[in-house]
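**Q** Submitted below is the structure of interest, expressed as structure tokens.
The values are calculated or read from the model by the stated rules, or taken from the named source; none is laboratory data. Being a predicted model, the structure only gives us computed values, none of them experimental. With ideal geometry, Cβ positions are generated from the backbone for all residues, glycine too; neighbour counts draw on all protein chains shown.
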Amino acid sequence: MKTFNLLMIGLGLMTVLSCANCNDKQESGENAVIENIMARRSIRKYKSEPVDRETMNKILECGINAPNGQNKQSWEVRVVDNPALLAEMKEAMAAAHPDRDPEMVKGCFRDAPTMVFIARDLSYDFSAYDCGLLSQNIMLSAWSLGVGSVCLGSPVRFLSGNDVCKPYIDRLGFSEGYEFCLCIGLGYADETPSAKPRDFGKVRFVD
């Protein structure tokens, strides 16, 4: 009985302290979600250390819990963290575009050790927006777990619409009726970029 009473007193103290801590955060203006959004940066230099699958699964679960039209979840996601496969894809992209600087083409993944490839459902006219929301959830949740990210469009251009890279698009295995539309590079940051200025003048209240 004495042990039970001590336990209940301890739990009560923990609750009080927890509530006090919450109140302190509210009074000081701290907010974990806002802080994460404002702190996130696009990372273009990565350490070679891969993101483990357990962490990636948490990030991807956050991604697919993004808001989306009519809950159609009009996306498909493929993850490549095999360095040999990523190297093959880089070489294929360079070979498919001999008119472009090969090092620039091969660098379009920004050497991120994990690449997320996203396709949209062509039968749904808002699927591009859904994929954007999915991507933002992925990038913000990654940042909250110490994983950097960068949203990329150039790999879509380099991988799509040519016979050299088609085997790699086929290997991603998107369903019929889905179009590859976006990439996200993920990994541990090897740089600390500063925030670029934002133009709040583009935001207005309309009465």
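**Q** Those residues that are touching a helix residue (DSSP H, G or I) at 6+ places or on another chain (Cβ under 6 Å) and without any contact (Cβ under 8 Å) to a residue 12 or more places away in the chain, I need them from the stretch 81-139; list them, please.
**A** Selection gives Pro102 alone.
**Q** List every residue pair whose Cβ atoms lie under 8 Å apart, where the two residues are 6 or more positions apart in sequence or sit on different chains, the first residue falls within the stretch 64-79 and is under 7 Å from Asp130 (Cβ atoms), and the second residue, located anywhere, is among the aliphatic types (A, V, I, L, M) and part of a strand (DSSP E or B).
**A** Note: pairs meeting the criteria are Trp75/Ile118; Trp75/Ala119.
**Q** While we're here: What residue, of Met38, Met56, is surrounded by fewer than 12 Cβ atoms within 10 Å (Cβ to Cβ) and either within 13 Å of the chain's Cα centre (by Cα) or in a helix (DSSP H, G or I) (or both)?
**A** Answer to the check: Met38.
**Q** Still on this structure, I have one more. Name the helices (runs of 4 or more DSSP H) wholly within the stretch 80-163 that hold at least 2 residues that are surrounded by fewer than 14 Cβ atoms within 10 Å (Cβ to Cβ)? Talk me through it step by step, then tell me what you get.
**A** Values: elements: 83-96, 102-106, 127-144, 154-159.
The helices (runs of 4 or more DSSP H) meeting that bar are 83-96, 102-106.
**Q** Looking at Pro193 and the list (1) exposed (fewer than 12 other Cβ atoms within 10 Å of the Cβ); (2) modelled with pLDDT of 95 or more, which single condition is not satisfied?
**A** (1)
**Q** Of all residues in the stretch 165-190, count the ones that are crowded, with 16+ Cβ neighbours inside 10 Å and assigned to a loop (DSSP other than H, G, I, E, B).
**A** Matching residues across the stretch 165-190 total 3.
**Q** Pull out all pairs, ordered by first then second residue, where Cβ-Cβ is under 6 Å, the residues are six or more apart or on different chains, the first lies in the stretch 155-173 and is of a type outside the set (A, V, I, L, M), and the second is loosely packed, with under 14 Cβ neighbours inside 10 Å and part of a helix (DSSP H, G or I).
**A** none
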